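This report concerns only the one structure given below.
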Amino acid sequence: ISTAGGVRFESMNNNYMLTNKPGTFAAGEMLDWEAPTGGYLLTACFATGMAAGQGVLRWLNESTTD
């Protein structure tokens, strides 16, 4: 079972960026999830890490075009 506690999904946008702290992204075990992930915990961490990384790139591209 994944560890409970951490950053709540409601406090992030779709890019895994904290809504109250722009430029701060969260992924993996930083997130508040509690699920019987079994052997898929690493996969879930890698997947949210990749999604957050893509969110960082989108945020940086938006920041440089302003």
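Among residues of the stretch 4-41 being β-branched (V, I, T) and surrounded by 11 or more Cβ atoms within 10 Å (Cβ to Cβ), the one that is modelled with the lowest pLDDT is T37. Restricted to the stretch 7-18, and to residues that are polar (S, T, N, Q) and part of a loop (DSSP other than H, G, I, E, B), which residue is nearest to the chain's Cα centre (by Cα)? The selected residue is N15. When residues in the stretch 37-55 are screened for being within 10 Å of the chain's Cα centre (by Cα) and in contact (Cβ under 8 Å) with a residue 40 or more places away in the chain, 1 of them pass. Hey, can you tell me all the residues within the stretch 19-66 that are part of a loop (DSSP other than H, G, I, E, B) and more than 20 Å from R8 (Cβ to Cβ)? Result: D66, single match.
The values are calculated or read from the model by the stated rules, or taken from the named source; none is laboratory data. Note that the structure is predicted; figures quoted are calculated from it, not measured. Using ideal geometry, Cβ is built from the backbone for each residue, glycine included, and neighbour counts are taken over all protein chains shown.
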